[in-house]
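Asker: Okay, here's the structure, questions in a sec.
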Amino acid sequence: MVSVAEASSIIFANLFRPSIKTIPFQEAVNKVLAENIMADRDFPPFDRVSMDGIAIQHSSWVKGRRDFIVEGLQPAGVSRKSMVNEEHCFEVMTGAVLPENTDTVIRYEDIDIKNGIASITIDKIVKGQNIHGQGKDAPSRSVLLEPGVLLSPAEVALLAAVGKHTVQVFDFPPAAIVASGDELVEVEAMPQPHQIRRSNTYAIQAAMKVLGWEGTAFHLVDDKDKMVTAMKRIAETYKVIILSGGVSKGKFDFVPAVLEEIGITKLFHTVNQRPGKPFWFGVSKEGITVFALPGNPVSTYMCFYRYIKPWLLKSVGMKDELLFAVLAKDFIFSGGLTYFLQVTVRVENGKLMAYPDPGGGSGDFANLKNVTGFLELPPDRESFKAGETFSYISFRIVA
């Protein structure tokens, strides 16, 4: 049996090597960037007016001028115009190029225009105000985005702004999600008293989709020979296999033996944790990575967020940000294992406060609807006090 830290270390020592594909930028949301994105010109590409109003020469203001003849108009989307007389002004629109021979913009709210004369009604202006200077955001050829960025709508807008109509992204490995057990039936079926509907498969699929990762679902019966045949076929197609169930010590828990028979080398089996103790992990010489998770739903769910998600993100150069939360109430656990406590977090006075809601054990999947994540409690203690801070694994956005 390995510790949680040892399990993480072994998993992270066996990252996959992602391939790269080129896609239209409109399809890039939730994909991971695989190339540097450069500014193709200065950002902004010109001295940009940031307020509707008038543009003047600040030196005229310094000399005491407060009334300015409106010499012209500079709309947005029109090539740069030039003010001839430095004692005049130009009306300017937000987003327009700053007219030549002007250096300061006063917004309409601070002027009064009558009969072609703009009178400034405030007592203080600053040279360069209300102007977004050329290159202030990013100079030409500077790196705007680096590989490993998860592309959100904000980054898609940036791709469009620099003319990247196609973009290179990391391609996640083809994944199979395999549930085992004769007690499992399809969602549409009416279970017999001794049966349950499959849910772990769909929970993992949904969690993967949030990451932009697709998984194909399979179901295996509790027959070793049939499992070997099916797993050989699956291993021919998929680079990542996530199994749920069949990894404990029961007479029908064939998964560990089946995996080794098809050429998957075991790197560990059983982790000093609750839930999820029977967790099995291995790789093949062909580069197949296998996560065999316990079948109890909370165990499966927790192991995905604690191990598989960070493994995927690390493989493509992303940083899985560590979160911490403050235990809001005293809690006791005497199992001698790392305990992943179900909690609901709330932001209180700028801190994430974690309220315990352990539920009815690793089979109580319904309790997950009440919580937002897991608090990782270390194994060397039995008593945990309110006010202590621990690592927090989130699976739900906190409003």
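The values are calculated or read from the model by the stated rules, or taken from the named source; none is laboratory data. All of these numbers come straight from a predicted model, not from anything done at the bench. Cβ coordinates were reconstructed from backbone atoms using ideal geometry, including for glycine residues, and neighbour counts include every protein chain displayed.
Asker: P45: of a type outside the set (S, T, Y) and at pLDDT below 95, yes or no?
Answerer: no
Asker: So, one more: Could you tell me whether the range 264-275 includes any residue that is more than 27 Å from F395 (Cβ to Cβ) and not in a strand (DSSP E or B)?
Answerer: Checked against the condition, which is being more than 27 Å from F395 (Cβ to Cβ) and not in a strand (DSSP E or B), the range 264-275 yields at least one hit.
Yes/no matrix, rows are residues, columns are (1) without any contact (Cβ under 8 Å) to a residue 60 or more places away in the chain; (2) of a type in the set (S, T, Y):
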{"residue": "Y305", "(1), (2)": "no, yes"}
{"residue": "K319", "(1), (2)": "no, no"}
{"residue": "L322", "(1), (2)": "no, no"}
{"residue": "Q342", "(1), (2)": "yes, no"}
{"residue": "G360", "(1), (2)": "yes, no"}
{"residue": "A366", "(1), (2)": "yes, no"}
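Asker: While we're here: Looking at V78, V29, V92, which is the one that is among the β-branched types (V, I, T) and either surrounded by 19 or more Cβ atoms within 10 Å (Cβ to Cβ) or more than 28 Å from S140 (Cα to Cα) (or both)?
Answerer: Of the residues listed, the single one that is among the β-branched types (V, I, T) and either surrounded by 19 or more Cβ atoms within 10 Å (Cβ to Cβ) or more than 28 Å from S140 (Cα to Cα) (or both) is V92.
Asker: A follow-up question, please. If I ask for residues that are assigned to a loop (DSSP other than H, G, I, E, B) and either under 22 Å from A7 (Cβ atoms) or touching a strand residue (DSSP E or B) at 6+ places or on another chain (Cβ under 7 Å) (or both), which ones from the range 218-249 would you list? Give the steps one after another, and end with the answer.
Answerer: Our first condition is that a residue be assigned to a loop (DSSP other than H, G, I, E, B); within the range 218-249, this holds for 221-223, 238-239, 245-249.
Those that are assigned to a loop (DSSP other than H, G, I, E, B) and either under 22 Å from A7 (Cβ atoms) or touching a strand residue (DSSP E or B) at 6+ places or on another chain (Cβ under 7 Å) (or both): D222, Y238, K239, G245, G246, V247, S248, K249.
Asker: Now, a different point. Out of the residues in the range 213-235 that are over 30 Å from the mean Cα position of the chain (by Cα) and of a type outside the set (A, V, I, L, M), state the one that is surrounded by the most Cβ atoms within 10 Å (Cβ to Cβ).
Answerer: In this case the residue turns out to be D222.
Asker: Kindly indicate the residue of the range 100-111 that is closer than 22 Å to S79 by Cβ and not in a strand (DSSP E or B) and also farthest from the chain's Cα centre (by Cα) among those meeting that condition.
Answerer: Looking at the filtered set, the residue picked out is N101.
Asker: I want to confirm something. Restricting to the range 1-52 and keeping residues that are in a loop (DSSP other than H, G, I, E, B) and out of contact with any strand residue (DSSP E or B) (no Cβ under 8 Å at 6 or more places or on another chain), which single residue is farthest from P174 (Cα to Cα)? Reasoning before the result, please.
Answerer: Narrowing the range 1-52 to residues in a loop (DSSP other than H, G, I, E, B): 1, 3, 13-18, 28-31, 34-36, 39-42, 44-47, 50-52.
From the residues that got through so far, the ones that are out of contact with any strand residue (DSSP E or B) (no Cβ under 8 Å at 6 or more places or on another chain) too are 13, 15, 17, 29, 40-41, 45.
On the way: A13: 20, L15: 14, R17: 12, V29: 19, D40: 34, R41: 38, P45: 42 Å.
Restricting to residues being in a loop (DSSP other than H, G, I, E, B) and out of contact with any strand residue (DSSP E or B) (no Cβ under 8 Å at 6 or more places or on another chain), the top hit is P45.
Asker: Looking only at the range 22-77, which residues are under 20 Å from the mean Cα position of the chain (by Cα) and of a type in the set (F, W, Y)?
Answerer: Hit for the range 22-77 is F25, nothing else.
Asker: Given the criterion within 27 Å of R17 (Cα to Cα), of a type in the set (K, R) and buried (at least 17 other Cβ atoms within 10 Å of the Cβ), identify the matching residue among K239, K277.
Answerer: Step by step, each of K239, K277 is checked, and only K239 is within 27 Å of R17 (Cα to Cα), of a type in the set (K, R) and buried (at least 17 other Cβ atoms within 10 Å of the Cβ).
Asker: Looking at the range 163-170, can you tell me whether even one residue there is within 22 Å of L313 (Cα to Cα), buried (at least 18 other Cβ atoms within 10 Å of the Cβ), aliphatic (A, V, I, L, M) and at pLDDT 95 or above?
Answerer: Yes, there is a match, as at least one residue in the range 163-170 is within 22 Å of L313 (Cα to Cα), buried (at least 18 other Cβ atoms within 10 Å of the Cβ), aliphatic (A, V, I, L, M) and at pLDDT 95 or above.
Asker: Counting residues that are of a type in the set (D, E, K, R), surrounded by fewer than 20 Cβ atoms within 10 Å (Cβ to Cβ) and outside the structural domain of L151 (by TED's automatic domain parsing), which strands (runs of 3 or more DSSP E) fully inside the range 283-399 reach at least 2?
Answerer: Because the criterion is at least 2 residues that are of a type in the set (D, E, K, R), surrounded by fewer than 20 Cβ atoms within 10 Å (Cβ to Cβ) and outside the structural domain of L151 (by TED's automatic domain parsing), the strands (runs of 3 or more DSSP E) in the range 283-399 that meet it are 338-348.
Asker: Let me ask another. Return the only residue of N101, N130 being modelled with pLDDT of 95 or more, out of contact with any Gly (no Cβ under 9 Å at 6 or more places or on another chain) and at positive phi.
Answerer: Sole residue among the options that is modelled with pLDDT of 95 or more, out of contact with any Gly (no Cβ under 9 Å at 6 or more places or on another chain) and at positive phi: N101.
One line per residue, one yes/no per condition, for (1) in contact with a Phe, Trp or Tyr (Cβ under 6 Å, 6 or more places away or on another chain); (2) of a type in the set (A, V, I, L, M):
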site: G245; (1), (2): no, no
site: K266; (1), (2): no, no
site: V271; (1), (2): yes, yes
site: K277; (1), (2): no, no
site: W280; (1), (2): no, no
site: Y301; (1), (2): no, no
site: I308; (1), (2): yes, yes
site: L313; (1), (2): no, yes
site: V316; (1), (2): yes, yes
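Asker: Counting only residues that are surrounded by 17 or more Cβ atoms within 10 Å (Cβ to Cβ) and over 41 Å from the mean Cα position of the chain (by Cα), which one in the range 112-150 is nearest to K319 (Cα to Cα)?
Answerer: Among them, the one singled out is I125.
Here is a yes/no grid of residues against (1) among the basic types (K, R); (2) modelled with pLDDT of 95 or more; (3) on the phi > 0 side of the Ramachandran plot:
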residue	(1), (2), (3)
A235	no, yes, no
K239	yes, yes, no
K249	yes, no, no
F252	no, no, no
E260	no, no, no
G263	no, yes, yes
K266	yes, yes, no
V271	no, yes, no
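Asker: Can I ask one more? Is it true that R48 is surrounded by 14 or more Cβ atoms within 10 Å (Cβ to Cβ), farther than 30 Å from Y108 by Cα and in contact (Cβ under 8 Å) with a residue 60 or more places away in the chain?
Answerer: Criteria not met by R48.
Asker: Still on this model: Kindly check whether there is at least one residue in the range 323-335 that is polar (S, T, N, Q) and modelled with pLDDT of 90 or more.
Answerer: no
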